[in-house]
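Scroll down for the structure; my scribbles are underneath it.
The values are calculated or read from the model by the stated rules, or taken from the named source; none is laboratory data. Here the structure is a predicted model, which means the values were calculated and not measured. Reconstructed Cβ throughout: ideal geometry from the backbone, glycine too, with neighbour counts over all protein chains shown. Areas reflect the complete protein model, heavy atoms only, side chains present, ligands, DNA and RNA absent. Shrake-Rupley method; radii C 1.70, N 1.55, O 1.52, S 1.80 Å.
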Amino acid sequence: MDYDAIIIGCGHNGLVAAFYLARAGLRVLALEQGPKVGGAATTDELFPGYRFSTCAHSFVLFHPQILDDMRLVDLGLRVFRRDPPQFHPFADGEYLLAWNDLERTKESIAHISRRDAEAYDDYVKFWKRAAELFDPYLLTPPPTLGEFLRTAEDGPHASIAHTLVTGTKRQLLDDYFESPRVKASLGTTFDVGYTDNAGGLLYFAFAAALSSRLGQRGLVGFPQGGMGAVTRLLQQAAESAGAEVRTSSPVASVHVADGRAAGVVLHDGTIITARTVLSNADPQRTLAHLVPSEHLPDPFVRSVRRLRMNAGYLKLHCATTGLPDWRALPGDGPQHGANVRICESLDHIDRTWSEARAGRMPSEPVLGLVCPSAYDRSVVPAGHHTISIWVEYAPVGLPAPAWDAQRGQITDALIAQVARYAPNFPHIVSDAFLHGPPEIEARAGMTRGNMHHVDMTIDQMLGARPLPGCAAYRTPLSGLYLCGSGCHPGGGVSGVPGHNAARTVIGDLNGAKVGGSPRATISAARPAPPDGLRGRSL
């Protein structure tokens with residue numbers, strides 16, 4: 001064999017997996033189809049002198065243990081901490097500011113509802129307890145939903161676990177708050193891609209668990225140099241551990257020999273062999289396209305093709321000559337470094353979701369704006385800024401020509417929508433680039449432009465992510481593993497799927513896999529050093 005492990009795709013999870021496998025003494029090759037690593041976590045110069053985090057834009061979920069193991073801070077990682085994290089203007093001039101300081105946030109809420117300001121303490125405590133429930137399952141193979149609930153029932157927060165599984169964000173907000181504006185401000189974030197009426201809150205518990213850990217380090221915010229700086233450091237760490245990283249090396253298929261994954265076939269026909277193959281590509285691309293169909297059971301492939309991938313993502317990247325002058329809070333101030341949320345109500349969220357699911361661009365979408373250059377002046381010319389407008393729901397499955405036909409209209413409509421809150425906005429935008437599902441799929445290789453690989457719905461989480469038949473990083477094809485965002489615990493730049501997949505591979509290569517099945521016991525403890533791999537471990 002040429003290698004012990006080949007990794008398809010050098011997104012952040014692929015690089016994390018490469019690091020841990022190489023650190024354990026394995027011969028590792030990571031292959032990236034594009035000219036640089038990063039996948040959905042890249043920094044791109046879309047206009048001369050303006051560098052954008054094109055897809056993922058914030059460093060908010062990375063697991064601190066992985067950060068320490070890879071020594072990212074020592075290698076040069078710098079993160080600008082956002083404070084306030086969110087600014088929410090309303091059309092009539094009212095606004096909310098969420099601060100890192102709890103009391104300051106409550107003061108802002110009190111201007112709208114004193115009762116809701118008092119309730120905010122309990123709401124924060126709910127998510128702290130939800131994070132504690134999810135935290136033990138971050139660096140382990142996933143439990144089934146039943147195992148998660150049974151374990152929670154033995155602890156003090158059983159009711160919270162049931163709410164996470166059976167509740168909706170809207171129900172939760174209704175339980176705590178009275179003001180429609182407070183609810184709108186705390187409604188669906190720009191990560192989940194589903195309406196507040198969708199069942200299941202497990203993704204939010206996962207995000208709360210990771211962001212609270214990273215927040216304790218003061219490392220939640222915008223990375224200096226954009227998200228591409230993060231993945232370049234991940235590449236540096238992986239190569240320092242002994243992994244080989246090759247760019248411009250697209251994989252055409254998984255090479256199968258003697259009924260197991262035995263390497264990859266490159267687009268030029270080159271076969272590279274390995275004892276194991278890990279795919280950082282999404283599950284559908286991996287299992288329905290890269291693996292020759294005769295090597296997987298037909299019912300399983302049909303299930304893969306039926307994976308729900310309906311969450312649509314769209315960003316408009318703007319080069320600007322200045323900052324928006326928000327009608328609700330004009331002039332200079334901390335609002336410019338916050339995530340700006342434009343959403344009038346929870347019903348506004350539902351309307352835009354319904355329009356997007358029907359295959360139409362929402363007439364007035366829910367928006368988020370970020371301006372990393374308010375902190376990081378290295379990404380823009382002097383006196384200028386980068387502003388990215390994140391559309392919470394966008395239609396998916398439309399062919400590229402349909403997007404191209406609407407491109408100018410969508411760009412103009414989004415700029416005009418922001419102008420209703422910041423009248424000077426059209427006058428400061430010098431260039432704009434629309435980055436929708438077709439671009440995300442083409443640039444980052446994500447089917448249907450799905451940033452999380454598969455939707456983060458309750459039936460595609462924990463021991464059913466992406467499917468019960470391959471939920472613990474293994475697939476039905478022996479020797480083939482998944483290591484991307486389509487695996488537990490889910491999407492976002494966390495590094496956790498890459499870590500966990502590497503841990504699974506090391507265990508399997510050391511005979512820890514019994515009877516071809518995943519381990520039955522789930523433990524939060526770090527594994528003992530595996531025998532036979534130079535005494536190194538994750």
Notebook entry, point to check: With +1 on each Lys and Arg Cβ and -1 on each Asp and Glu Cβ, how big is the dipole of the chain about its Cα centre, in debye rounded to the nearest 20?
Noted result: 920
Check: Residue farthest toward the positive end of the dipole of the chain, with Cβ of Lys/Arg at +1 and Asp/Glu at -1: which of V182, F148, L509?
Finding: L509
Margin query: What are the ³J(HN,Hα) couplings of segment 154-159, residue after residue, when phi is run through the Karplus curve with 6.51, -1.76, 1.60 and θ = phi - 60°? Round to Hz, x for glycine and proline.
Written below: 7, x, x, 10, 4, 5
Item checked: Furthest towards positive pole of dipole, L29, P283, A382, structure part the chain, Cβ charges -> L29
Margin query: If I compute solvent accessible area with a 1.4 Å probe over the protein chains, what percent of it on the chain is carbon and sulfur?
Written below: 49
Notebook entry, point to check: So for the chain, taking the charge dipole from beta-carbon charges (+1 Lys/Arg, -1 Asp/Glu), which of S373, L482, I410 sits furthest toward the positive end?
Noted result: L482
Margin query: Placing one identical point scatterer on every Cα of the chain and ignoring solvent, what is log10 I(q)/I(0) from the Debye formula at q = 0.06, 0.08, 0.10, 0.13 Å⁻¹?
Written below: -0.27, -0.49, -0.78, -1.35
Next item on the list: Counting only C-alpha contacts under 8 Å and six or more residues apart, can you give the relative contact order of the chain as a whole percent?
Entry: 25
Next item on the list: Take each of the peptides 337-347, 65-75, 147-157, average the number of other beta-carbon atoms within 10 Å over its residues, and list them starting from the highest.
Entry: 337-347, 65-75, 147-157
Next item on the list: Evaluate the Kirkwood expression for the hydrodynamic radius of segment 372-422, namely the inverse of the mean inverse distance over all pairs of different C-alpha atoms, and round to one decimal in Å.
Entry: 13.5
Margin query: How big is the dipole moment of segment 158-302 about its Cα centre under a simple scheme where the beta carbon of each Lys and Arg is +1, that of each Asp and Glu is -1, and everything else is neutral? Debye, nearest 20, please.
Written below: 320
Next item on the list: Over the chain, average the accessible area per residue using a 1.4 Å probe and give it in Å², no decimals.
Entry: 37
Checklist line | Alpha carbon convex hull of segment 319-375, projected area averaged over orientations, nm² | finding: 5.1
Notebook entry, point to check: If you plug each phi of segment 129-144 into the Karplus form 6.51 cos²θ - 1.76 cosθ + 1.60 with θ = phi - 60°, what whole-Hz ³J(HN,Hα) values come out, in order, with x for Gly and Pro?
Noted result: 5, 4, 5, 5, 5, 7, 3, x, 9, 6, 9, 9, x, x, x, 6
Check: Using θ = phi - 60° and the Karplus form 6.51 cos²θ - 1.76 cosθ + 1.60, what ³J(HN,Hα) does each residue of segment 35-45 get, whole Hz, x for Gly and Pro?
Finding: x, 8, 7, x, x, 8, 10, 10, 10, 10, 7
Item checked: Net charge dipole size for segment 299-444 [Lys, Arg +1 and Asp, Glu -1 on Cβ; Debye, nearest 20] -> 620
Check: If each Cα of segment 1-153 is one equal point scatterer, what is log10 of I(q)/I(0) from the Debye formula at q = 0.10, 0.12 Å⁻¹?
Finding: -0.63, -0.86
